[in-house]
Amino acid sequence: MSSHSLGQQMKQGLDAPICLTWELTYACNLACVHCLSSSGQRDDRELSTEQAKAVLDELAALQVFYINIGGGEPMIRRDFFEIVEHSIANNIGVKFSTNGAFIDKKNAERLTAMEYLDIQISLDGTDAITNDAVRGDGSFDTAIRAMDNLKAAGFGQFKISVVVTRHNVDQLDEFKALADSYGAQLRITRLRPAGRGADTWDELHPTNAQQRQIYNWLLAHGENVLTGDSFFHLNAFGESLPGLNLCGAGRVVCLIDPIGDVYACPFVIHDTFKAGNVLEDGGFTHVWRESDLFTELREPQSAGACASCGAFDACQGGCMAAKFFTGLPLDGPDPECVTGHGEVLLPSVPVSLVPRPSMDHSKPARTLIKSKVST
Amino acid sequence: MTVTLESACELHPQVAIRPEPFGALAYHYGNRRLVFLRHPDIVRVVKTMGEHKTLRDTFVAEGVAESRWPSFIEALSSLTTSEIIRVLS
């Protein structure tokens, strides 16, 4: 019915985002080694309750249908329920990601009573050893307890969200079985070299053989498994996986961070990809519709070094954030390009030229050691 | 589910429509599905179908050329699957 493909139209941007992630706080009780936002300690500049509500009012006017709330650990905020309730009351559905530490019996019942609310429990292993190696001691038991509480409260279908790594890729069937046993839905996403993930990506990211394994698994189970469309770089293997086959950064996706800065996507917390702040004149709407960065991202992008590759239509050159934080050119192959074009370039990138995340809210190492001893 | 020219349909009460340059986005708050309505005409049909007895009446009222009715029927049938619209009779 239309002269342009949907993908083309999406690349030119929408009047408002489809998928908006809002990280409510940089504070976190955990210190996951792959944390995209290098979270740990609260930032003094984080939005107040009133500022957060004003942003929600603006999103409601833009008819943003739902938001993805994350952090840090969003439930650490004392006004967490107040913010979520304000959102839902304004017809903005909420999906929030949590490590589950604050989902006790009482909160599980409170969450169950709310409409238009989805919960994602983060879990990176089907056993404590695999999970806790990435997410910290005790985090597996914490997540399971939260899931038990949600089940007991009759929440219904929550989601279990897994970042696929070299060490848990063989557990995909077990993750699915675990989700099924709770009546939950499994979500698996791609590991990005963002935040603290930049420091651990080399050891954690799936090998090329494992990428094929993920692809085959998704082809077999993809209909019932959520992915946030994060594995589109694997489409170069052949048949396309379900979902939007494009990088939505600044076009259909964006991130609002805890201090109100707006980034092109949740995986690029770096000044290069900061479009503005929700507290500036014109608010979020102005940033989304008029900022130089987002305008630029919506212009036709060069395929660069990938132009001559037969797989480009399938993989679209992969993930902008993965390229950026491994020091690869944005108009070239993804570091996990399945044909190996990216991998061969990595050794030639001088360490000094690999961008570092612009902000780091990690707890001081001393605190981490102390908290480890005390648990 | 397949709809016909004689079907009476309405926008599902849990669906919101947001205008976009290509047409509109439709979001179902119940089943969380997001659907692209890729032409302004289909957006108008979906928004006003509840006011008419049949889809035929809706198409006529919205000035949809008869040659396009089959493609509209096909598109609307798929919208019943995602429950963006529902059939009343």
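The values are calculated or read from the model by the stated rules, or taken from the named source; none is laboratory data. All of these numbers come straight from a predicted model, not from anything done at the bench. Note that each Cβ is placed from the backbone with ideal geometry, even for glycine, and that neighbours are counted across all protein chains shown. What goes into the accessible areas is simple: the full protein's heavy atoms, side chains included, and nothing from ligands, DNA or RNA. Shrake-Rupley method; radii C 1.70, N 1.55, O 1.52, S 1.80 Å.
Taking each residue of the stretch A:62-89 that is farther than 22 Å from residue A:101 by Cβ and looking for partners that are of a type in the set (Lys, Arg) with beta-carbon atoms closer than 6 Å, six or more apart or interchain, yields A:63/B:18; A:86/A:53. Taking (1) in a helix (DSSP H, G or I); (2) touching a Phe, Trp or Tyr at 6+ places or on another chain (Cβ under 9 Å) in turn, residue A:174 satisfies each apart from (2). The criterion of at least 3 residues that are surrounded by fewer than 22 Cβ atoms within 10 Å (Cβ to Cβ) and among the basic types (Lys, Arg) is met, among helices (runs of 4 or more DSSP H) falling completely within the stretch A:78-170, by A:105-112.
Screening A:113, A:108 for residues that are farther than 22 Å from residue A:177 by Cβ and without any contact (Cβ under 8 Å) to a residue 40 or more places away in the chain leaves exactly one candidate, A:113. If only residues of the stretch A:63-72 that are hydrophobic (A, V, I, L, M, F, W, C) and more than 19 Å from residue A:27 (Cα to Cα) are counted, the one that is nearest to the other protein chains (Cβ to nearest Cβ) is A:65. Across the stretch B:55-73, which residue is nearest to residue B:4 (Cα to Cα) among those that are within 10 Å of the chain's Cα centre (by Cα) and within 14 Å of chain A (Cβ to nearest Cβ)? Taking the candidates together, the pick is B:73.
Name, by its number, the condition in (1) surrounded by fewer than 19 Cβ atoms within 10 Å (Cβ to Cβ); (2) closer than 20 Å to residue B:25 by Cα; (3) away from chain B (no Cβ under 14 Å) that does not hold for residue A:60. Exception for residue A:60: condition (3).
Restricting attention to the stretch B:26-41, which residues are in contact (Cβ under 8 Å) with a residue 12 or more places away in the chain and within 7 Å of chain A (Cβ to nearest Cβ)? Correct list: B:27, B:29, B:36, B:38, B:39. Going by the structure shown, is residue B:44 within 14 Å of chain A (Cβ to nearest Cβ), open to solvent by 50 Å² or more (accessible area, probe 1.4 Å) and more than 11 Å from the chain's Cα centre (by Cα)? When the stated conditions are applied, residue B:44 does not pass them.
The rows are residues; the columns are (1) within 14 Å of chain B (Cβ to nearest Cβ); (2) among the aliphatic types (A, V, I, L, M); (3) open to solvent by less than 10 Å² (accessible area, probe 1.4 Å); (4) more than 15 Å from the chain's Cα centre (by Cα).
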position: A:19; (1), (2), (3), (4): yes, no, no, no
position: A:29; (1), (2), (3), (4): no, no, no, yes
position: A:32; (1), (2), (3), (4): no, no, no, no
position: A:35; (1), (2), (3), (4): no, no, no, no
position: A:45; (1), (2), (3), (4): no, no, no, yes
position: A:50; (1), (2), (3), (4): no, no, no, yes
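Residue count for the stretch A:133-165 satisfying the condition of being of a type in the set (Lys, Arg) and either in contact with a helix residue (DSSP H, G or I) (Cβ under 6 Å, 6 or more places away or on another chain) or more than 26 Å from residue A:194 (Cα to Cα) (or both): 2.
For residue A:220, the criteria (1) over 18 Å from the mean Cα position of the chain (by Cα); (2) touching a residue at least 40 places away in the same chain (Cβ under 8 Å) hold in every case but one, which is (2).
When the stretch A:75-93 is filtered for residues that are more than 14 Å from chain B (Cβ to nearest Cβ) and over 17 Å from residue A:112 (Cα atoms), the ones remaining, listed by number, are A:76, A:77, A:78, A:79. Among the residues of the stretch A:173-217, those that are acidic (Asp, Glu) and either within 28 Å of residue A:326 (Cβ to Cβ) or within 21 Å of the chain's Cα centre (by Cα) (or both) comprise A:199, A:202, A:203.
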